[in-house]
1. Would you pick out the residues in segment 46-67 that are among the small types (G, A, S) and either outside any helix (DSSP H, G or I) or touching a residue at least 24 places away in the same chain (Cβ under 8 Å) (or both)?
2. Checking T12 against (1) surrounded by fewer than 17 Cβ atoms within 10 Å (Cβ to Cβ); (2) within 13 Å of the chain's Cα centre (by Cα); (3) free of Cβ contacts under 8 Å to residues at least 40 places away in the same chain, which single condition isn't satisfied?
3. Take the residues in segment 129-139 that are surrounded by 14 or more Cβ atoms within 10 Å (Cβ to Cβ) and of a type outside the set (A, V, I, L, M, F, W, C), then tell me which one is nearest to L71 (Cα to Cα).
4. If only one of A72, A89, A97 is more than 30 Å from R138 (Cα to Cα) and part of a loop (DSSP other than H, G, I, E, B), which one is it?
5. Would you mind finding the one in V44, V70, V21, V76 that is over 15 Å from the mean Cα position of the chain (by Cα), modelled with pLDDT of 95 or more and of a type in the set (V, I, T)?
6. I need the full set of residues from segment 67-92 which are among the basic types (K, R) and closer than 21 Å to T146 by Cα, in order please.
7. May I ask you to list the residues in segment 76-125 that are among the small types (G, A, S) and closer than 16 Å to S50 by Cα?
Amino acid sequence: MLTEEMKAIIATYPLGFVASVNRDGTPNLSPKGTFVMLNERQLVFGHIRSPGTIGNIAERPVIEINFIDVLARKAVRLRGRAVMFSRSAPEFAELFAALSGWKGYTEMMKAVVRVDIDTASLILSPAYDLGHTEAQLREQYRAKFTSL
């Protein structure tokens, strides 16, 4: 499901933008910064300040997540189903252990959310269609961000 390139992007840029659906059908987009890959088909993140997202997935578990490599102008788009596990859930301890690298944040986690991935795709900037290489784009955007 997840290619090596996708895994590298997620591991390097673990800030995922999670899209869920509100009751009225409008989108809810929320950044989550504690993503960890469990395996090629599952991710987990900690519920720290996610009341809208948690409420939405309890009723409508289908979500989309985007991870972005801003320098290479690449993204990973994941679609799947999310399940929230409270601290009292039998599955919590194992999932929570996967988040142990987020020291300082784990104490604030009210629950964990496991995402079961249905589809995964790599998205490339149109700059690649124009013949730009990843090295060129990294150099260009590194210079841009350095100048800010």
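The values are calculated or read from the model by the stated rules, or taken from the named source; none is laboratory data. Being a predicted model, the structure only gives us computed values, none of them experimental. Cβ coordinates were reconstructed from backbone atoms using ideal geometry, including for glycine residues, and neighbour counts include every protein chain displayed.
1. Quick first cut of segment 46-67, residues among the small types (G, A, S) only: 46, 50, 52, 55, 58.
Once the filter is applied, which keeps residues that are among the small types (G, A, S) and either outside any helix (DSSP H, G or I) or touching a residue at least 24 places away in the same chain (Cβ under 8 Å) (or both), segment 46-67 yields G46, S50, G52, A58.
2. Here T12 clears every test but (3).
3. Within segment 129-139, the subset surrounded by 14 or more Cβ atoms within 10 Å (Cβ to Cβ) is 132, 134, 137-138.
Now restrict to residues that are of a type outside the set (A, V, I, L, M, F, W, C): 132, 134, 138.
Numbers: H132: 13, E134: 8, R138: 5 Å.
In this case the residue turns out to be R138.
4. Values: A72 fails: more than 30 Å from R138 (Cα to Cα); A97 fails: part of a loop (DSSP other than H, G, I, E, B).
One residue alone meets the criteria, A89.
5. Just a single option satisfies the conditions, and that option is V21.
6. Here is the first cut: in segment 67-92, the ones among the basic types (K, R) are 73-74, 77, 79, 81, 87.
Passing the criteria: R73, K74.
7. From segment 76-125, those among the small types (G, A, S) are 80, 82, 86, 88-89, 93, 97-98, 100-101, 104, 111, 120-121, 125; that's our starting set.
Within segment 76-125, A82, S86, A111 meet the criteria.
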